[in-house]
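The values are calculated or read from the model by the stated rules, or taken from the named source; none is laboratory data. For clarity, every value in this text was computed on a predicted model and none was experimentally measured. Neighbour counts run over all protein chains shown; Cβ positions are idealised from the backbone, glycine included. For accessibility, only protein heavy atoms count, side chains too; no ligands or nucleic acids. Shrake-Rupley method; radii C 1.70, N 1.55, O 1.52, S 1.80 Å.
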Amino acid sequence: MLAFGLCVDRRYFDPGLVTLASIADATPHQARRATAVRVLSSDLSRSEATVMARFARRLGFGSFDLRWARPTRSAVMADTAYISVATYLRFAFTAEFVARPYLIYIDADVLVRGDITSELASLGKSRLGGVVDEFNAAIGSCPALPGLVSDRPELVGRPYLNAGVLWLHASGLGTVQRGVEAALRDGARYILHNDQDALNLWLLESGSGQAMSAQFNRFEIARFLEFGDWTRRVVPRGPSNSDAALIHFVGAHKPWLSSCPATEDVREYRAVRRRALRLAGRDDALVSGATARHEGR
């Protein structure tokens, strides 16, 4: 019935293993046997692909497949500070590859802590589910899609979804891909947050977006508070994620970097990381903070 989808390049190989381990932790054994894992990559080696396949089997997933893919040629990269064009691979999943009725796409910088599959029961036909972005909640009142409301004032206040976790009907994957490509072709001047802006452009035009519960894509903001208090002006909640089913480590300060502040959620992530990399036979040393700008997403 269900596949979890990840996009993993070589820089995100170890974090991808951690995300898979956290999904397994949150999925009962019997359900895991009925669940597929689908991975797209632009540059993993065959030996790395083999490691990931064996790791998924050890975790108890019933099916695993990995394919190499290239981002769409129309990809617009307005922000390249710590993000590569591989982020567009999330739109390269096909129904044939997924081979399940539903796909839950998950970024490789998240920690799954609870059941995120329950949202599929409410997912409307021909709809794409996502959680409202905590840093860019509404069109016109955030940096995302700059200039759009000047041309389309009727869009002011419409929700803006984060692309880090997406719930989709596999049969609609082709529609999503074509919609994003059309958005890139016709609205490139509005792009700031790369593929996420492109996705939201299409969602605004098509009306296909469906806002899911906030607990299924909760940002880890305590790291940001170590460097300043700007998030207090943007996010109307405290830094605790005790009720979150999924924690998303957005921004450049990733939990696998030695320079990342050791917040409560980061410590939890690192504990899962140590266990996951031991199971995969990988070195669990943290990445040097000097490489942070090259390792982020």
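What to note about this one:
- PRO255 fulfils the conditions (1) closer than 25 Å to SER141 by Cβ; (2) touching a helix residue (DSSP H, G or I) at 6+ places or on another chain (Cβ under 6 Å) except for a single criterion, (1).
- Restricting ASN217, ASN194 to those that are within 30 Å of MET1 (Cβ to Cβ) and in contact (Cβ under 8 Å) with a residue 40 or more places away in the chain reduces the list to ASN217.
- Within the range 1-113, helices (runs of 4 or more DSSP H) holding 3 or more residues that are open to solvent by 60 Å² or more (accessible area, probe 1.4 Å): 29-33, 46-59
- Test: residue in the range 276-295 that is out of contact with any Lys or Arg (no Cβ under 7 Å at 6 or more places or on another chain), of a type in the set (Lys, Arg), more than 21 Å from TYR105 (Cβ to Cβ) and modelled with pLDDT of 95 or more: yes
- Filter pass, ILE116 being modelled with pLDDT under 95, within 15 Å of the chain's Cα centre (by Cα) and either surrounded by 16 or more Cβ atoms within 10 Å (Cβ to Cβ) or in a helix (DSSP H, G or I) (or both): no
- Some residue of the range 162-173 being assigned to a loop (DSSP other than H, G, I, E, B) and either acidic (Asp, Glu) or more than 16 Å from the chain's Cα centre (by Cα) (or both): no
- Residue in the range 262-281 that is farther than 22 Å from ASN162 by Cβ, open to solvent by less than 60 Å² (accessible area, probe 1.4 Å) and part of a loop (DSSP other than H, G, I, E, B) present: yes
- Any pair with Cβ under 6 angstrom, 6 or more apart, that starts in the range 224-253 at a residue that is closer than 19 Å to ARG270 by Cα and ends at one that is at pLDDT 95 or above and of a type in the set (Phe, Trp, Tyr): ALA245/PHE216; LEU246/PHE216; HIS248/PHE219; VAL250/PHE219
- Residues being within 30 Å of GLY147 (Cα to Cα) and either aliphatic (A, V, I, L, M) or not in a helix (DSSP H, G or I) (or both) are represented in the range 284-296 by at least one member.
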